[in-house]
Amino acid sequence: MKRVTIRVPATTANLGPGFDAFGCALSLYTDVTFQETDAGLEITGCDEEFTGPDNLAYTSYCAVLNTLSEEVRGVKIHIDAHIPICRGLGSSAALLVAGAMGANLLHGSKLSTQGLLNITNAMEGHPDNLAPAFYGGLTASMVDGGLPVSVSFPLHPDWEFLALIPDFNLPTTLARSVLPQQISRADAIYNISHGALVLKALELGDEKLLRNAMQDRLHQCYRKKLIPDYEKIEALVRTTGAAFCLSGAGPTLLCITQDQNLERKLSKKLDSITEKNWQMLPLRVEFQGAHVRNAE
Ligand code: HSE
């Protein structure tokens, strides 16, 4: 194999109380093509600022080759990204996953998906986006002894996801910097109990249970001040009966519902309560994880 294109789904992390643990793959994709050359590094398809050696697809590509004790030769990387950058939909995880899979495939597929997850988790610091990006569907993960352990959970087929994506970005480092280092026992109990019930509600297709369980005290209450009109939009979504949460570290907001008219109901009112532009993007669960789209 000389050239390979990897397709990686977008992912929404946390799903409310499952901070750094829960994630779900969604039907929006980034494709990354890797071709080895003798001419150094060339990255195309993205803004100039992302074409250097700190590009995440390249850093994970190199990390896999280092693990395999293979020489890093020149490589052409072309990025066709439909996952918006720094919006809380797993754009960074998608690049890390693509780079790791691309390097592994071009070098004899010696590492397992778990091996690639171990490498990329050490780079990202938490597996909640990476696991569903690799495996698809709904996953929950823990890090045990420094290594990620991820399992898949069933999802009711009728869920619709509506992403509300604003025209501003929010770097994850900033969104993590506002979180407290310590929390109370009451808040820990709140999140553990709500998290368990989120997984069951998603399996059963129980919208009322999901709406109630999908609340948390670890991150959303601290992050909402970074997102203009968060509270107004949350209040609007709650009038529809849909479940609501921050997608990953934000700023995208996520509605989960079985109401096929949710977009229409929100579109009438969303513009009137906010001065920012919010794109409404209906998405489905993507059950297929990262995979080869094209290989020569
Ligand atoms: N769990 C992470 C967070 C996801 O909320 O910070 C974003 O990388």
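Inspect segment 66-87 for any residue being farther than 18 Å from residue 288 by Cα and in a helix (DSSP H, G or I) and give the result as yes or no.
Yes, there is a match, as at least one residue in segment 66-87 is farther than 18 Å from residue 288 by Cα and in a helix (DSSP H, G or I).
Please pick out the residue among 25, 100, 81 that is small (Gly, Ala, Ser), touching a residue at least 24 places away in the same chain (Cβ under 8 Å), within 16 Å of the ligand (Cβ to nearest atom) and in contact with a Leu (Cβ under 9 Å, 6 or more places away or on another chain).
Only one candidate qualifies: 25.
Looking only at segment 104-153, count every residue that is within 16 Å of the ligand (Cβ to nearest atom), β-branched (Val, Ile, Thr) and assigned to a helix (DSSP H, G or I) and tell me the total.
So the count comes out to 1.
Of 40, 90, which residue is touching a residue at least 12 places away in the same chain (Cβ under 8 Å), in contact with a Gly (Cβ under 9 Å, 6 or more places away or on another chain) and within 17 Å of residue 165 (Cα to Cα)?
Result of the check over 40, 90: 90.
Looking at segment 9-50, which of its residues are over 21 Å from residue 124 (Cβ atoms), at pLDDT 95 or above and not in a strand (DSSP E or B)?
45
Name the one entry in 8, 32 that is more than 18 Å from residue 283 (Cα to Cα) and either crowded, with 24+ Cβ neighbours inside 10 Å or within 16 Å of the ligand (Cβ to nearest atom) (or both).
Result: 32 is the single residue among 8, 32 that is more than 18 Å from residue 283 (Cα to Cα) and either crowded, with 24+ Cβ neighbours inside 10 Å or within 16 Å of the ligand (Cβ to nearest atom) (or both).
For segment 188-296, list the helices (runs of 4 or more DSSP H) that sit wholly inside it and hold at least 1 residues that are within 16 Å of the ligand (Cβ to nearest atom) and of a type in the set (Lys, Arg); which are they?
220-223
The values are calculated or read from the model by the stated rules, or taken from the named source; none is laboratory data. Since the structure is predicted, the reported quantities are computational estimates derived from the model, not experimental observations. Virtual Cβ from ideal backbone geometry, glycine too; neighbours counted across all protein chains shown.
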